[in-house]
Every structure is written in C-alpha cells, then in structure tokens.
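So the structure is just underneath, and the comments pick up after that.
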Amino acid sequence: MVEPDVDGTAATAVVDALVRDQTLPPLTMNNSDGVLVRVRTLLPEFTGALQRVAEQVLTDPAAASRATIVELAERSGTSPATVTRFCRALGFDGYADLRLGIAAETGRARASGWTVDIGREVQPNDPLERVLGQIMAADTRAMHDTASLLDLAEVERAAVAIAAAPRVNIFGASGSALVGEEMQFSLHRIGVAAWAWTDVHNGLASAALSRTGDVALGISHSGETGETIELLAEASSRGATTIALTSFPRSPLAELADLVLLTATQATTFRPDALSARHPQLVVLDLLYVAVAQRTHERSHAAFQRTAQAVHGHKAVKDGSSAP
C-alpha cells in the first residue's frame with residue numbers, strides 16, 4: 001500500500017530539519033561503518049512513512065541491501081519518494097549509496113559472526129548454547145556500533161576535565177546508577193574525588209555545591225530520565241562541566257550537556273534496550289577511566305600502590321599453612 005500524499009509533505013519537513021541539524025554529521029561512503037547505527041539513533045525522531053522505512057531496514061538489513069527502491073517502498077508500505085527522503089536524512093545522495101553502505105556493513109557483520117541469531121526471539125525451551133550465542137552476537141554488535149558512534153575527541157575532552165576536577169559527581173537511576181557506581185569505584189582507586197548519587201535529594205545537594213572546574217556525569221540510555229536531567233542541570237547552573245552518557249544525541253540530557261558520549265544497543269529477548277545498554281556503557285566509561293589515568297599517571301600509580309597495600313592484609317593467604 002502506498003502512503004497518502006499528505007504524509008510525504010510532513011515527512012519532507014522532518015527530513016529537512018534532520019539534514020539541517022549538524023549534531024550528527026552526514027554519512028559519506030568513506031564512513032559507511034555506522035549506517036545501521038545511524039538508522040537506530042534517528043528512529044525515535046522519524047514519524048509515519050519514514051519510520052516504516054527505518055523499521056524495515058533494521059528488521060532485515062541484508063534484504064534491504066538487495067532490494068530495489070520500489071521493493072523497499074512496497075515492503076515498508078511507503079513510496080519510492082519517501083525512500084529517497086529517508087536516504088537524504090542519513091546523508092546519502094541517493095538509494096544506490098544507501099544500499100552499498102548497508103551491504104558493506106552487513107558483510108562485515110557476517111564475516112565476524114555478529115549476525116548470528118540477532119533479532120531472533122529467545123524461546124522458553126531454547127538450549128543455553130543458543131541463548132549464549134545470541135547474547136554474544138548482540139553484545140559484540142553493540143560494542144562495534146558503540147565504537148563507530150563514539151567521538152574520541154569528546155572522550156579526550158571529558159578525560160581532561162575529570163583529571164583536573166576537584167570534584168566529580170555521577171548521576172544515574174536504576175541500571176544507570178549501577179554503571180555510575182562502577183565508574184565512581186574506578187576513579188576512587190586512582191585518587192579522583194568522585195561520588196555516585198542515586199538519591200535525588202542527596203544528589204541535588206551535591207550538585208548545588210558544584211563550582212567551576214567540577215565535573216558532573218549524567219548516565220541515561222534514553223536521555224529522558226527526569227531525575228538525571230534535573231541533577232545535571234543543577235550542576236551546570238553552578239558552573240560544573242557536564243557530561244552525558246546516552247544512546248540518543250538529541251535527547252534532553254544530551255542537549256543539556258557540554259560533552260556527549262554515545263553508546264549503541266542491540267536488544268534481545270528479556271534484555272530490552274535499557275538493559276542491553278549496560279555493557280556498552282561500561283566499555284565507554286572504562287575508556288574514559290583509562291584516559292583519565294593516563295593523564296594523571298604519577299598520581300594514579302601512587303594511589304594504586306597505596307590502596308593495594310591497604311587491602312593486602314585482607315587477601316587470602318595462598319600457602320597451605322593457613323588453610324583451615
């Protein structure tokens with residue numbers, strides 16, 4: 001079924017706005033590595049016909065790379081004109097370039113085994129071997145997509161800010177709070193004064209005491225968690241440098257932050273996006289932590305030695321003399 005003409009007018013306005021917005025630079029054939037990542041990232045902003053094209057591409061990328069523009073339009077219930085507008089939203093000149101980009105990406109995925117069982121529903125009677133394969137494939141793909149999305153210059157700037165910060169506040173709720181606590185633990189071990197806040201009142205009190213030079217890191221997969229946005233906004237109003245870790249570059253949290261670190265997700269059965277975001281988030285924060293340690297090498301090395309010595313006496317003795 002072909003969409004009505006009125007839908008095409010609305011879709012054109014949406015795409016034109018996306019193309020004008022330089023938050024995400026247009027893709028070129030020299031940067032086709034993240035075509036599907038870009039589609040997933042923009043999916044929440046697409047409406048109507050454009051959203052149907054995006055969902056069709058994500059449902060079966062390999063088929064999309066082989067389909068003609070007419071075939072893709074028919075499968076998505078749209079029109080060739082809408083498919084063309086969809087290509088423009090992704091920064092391609094035309095459908096041929098989009099097909100090549102998707103084909104290159106799916107080809108690399110097959111060669112590396114990333115596509116195994118991705119998108120397949122896990123059934124209650126599936127053997128654990130198959131479930132493990134799906135989880136590994138999904139997480140591997142999410143890591144690859146995150147590496148494609150991540151702006152290393154932003155990571156560099158974030159590391160420099162944290163390394164020089166008198167105080168680092170980390171904000172997150174639910175699963176993001178757990179990720180934030182991991183980051184706080186890592187920074188604490190190298191002598192960085194960092195606190196992870198999950199209670200809104202305590203977090204607001206700490207954010208209100210922020211000063212210029214401090215850093216506030218907000219973690220939210222959707223970028224729409226109200227508490228995290230409020231905490232980051234308070235820290236920002238006090239002069240802190242703000243960092244957002246999210247999967248959506250145009251989310252409220254990302255728009256509020258000075259620096260944005262992006263992650264990608266690959267949802268599976270029983271692990272929706274919010275849960276599958278955990279591992280990519282940890283990878284990005286591990287990278288940020290190591291970058292901070294590099295920039296504070298002497299201080300970090302000394303801190304490691306002192307903390308290791310402090311807890312050494314609580315480690316189990318390995319020789320057999322102390323065994324019960």
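The values are calculated or read from the model by the stated rules, or taken from the named source; none is laboratory data. If you're wondering where the values come from, they're calculated on a predicted model, not measured in any experiment. Cβ: placed from backbone, ideal geometry, glycine included. Neighbour counts: every protein chain shown. All accessible areas refer to the heavy atoms of the entire protein, side chains included, with ligands and DNA or RNA removed. Shrake-Rupley method; radii C 1.70, N 1.55, O 1.52, S 1.80 Å.
Largest accessible area first, the listed residues Glu129, Glu224 line up as Glu129, Glu224 when surface is computed with a 1.4 Å probe on the assembled protein chains.
Residues whose amide H lies under 5 Å from that of Leu217, counting only those 5 or more places away or on a different chain, are Asn169, Ile170, Phe171, Ile243; hydrogens are built 1.01 Å from N in the peptide plane. Taking θ as phi - 60° and the Karplus parameters 6.51, -1.76 and 1.60, the scalar couplings of region 43-48 work out to 3, x, 8, 6, 10, x Hz in sequence order, x denoting glycine and proline. Our coupling estimate for region 276-284, obtained by passing each phi through the Karplus curve with A = 6.51, B = -1.76, C = 1.60 and θ = phi - 60°, is 6, 6, 4, 5, x, 4, 5, 5, 5 Hz, Gly and Pro reported as x. Compute log10 of I(q)/I(0) for region 32-92 with the Debye formula, placing one identical point scatterer on every Cα and leaving out solvent, at q = 0.21, 0.24, 0.29 Å⁻¹, to two decimals. Per q value, in the given order, log10 I(q)/I(0) is -0.74, -1.00, -1.49.
Packing, taken as the mean count of other beta carbons within 10 Å per residue, orders the peptides 239-246, 164-171, 295-302 from highest to lowest as 239-246, 164-171, 295-302. Take Glu182: with every protein chain present and a 1.4 Å probe, its accessible area is about 100 Å².
Around the amide H of Ser251, modelled in the peptide plane, lies no amide H under 5 Å away from a residue 5 or more places distant or on another chain.
Between Arg299 and Val160, residue separation times 0.36 nm minus the direct Cα-Cα distance comes to 48.6 nm.
Figure note: Thr59, Thr146 ranked by solvent-accessible area, largest first, 1.4 Å probe, ligands and nucleic acids not counted: Thr59, Thr146.
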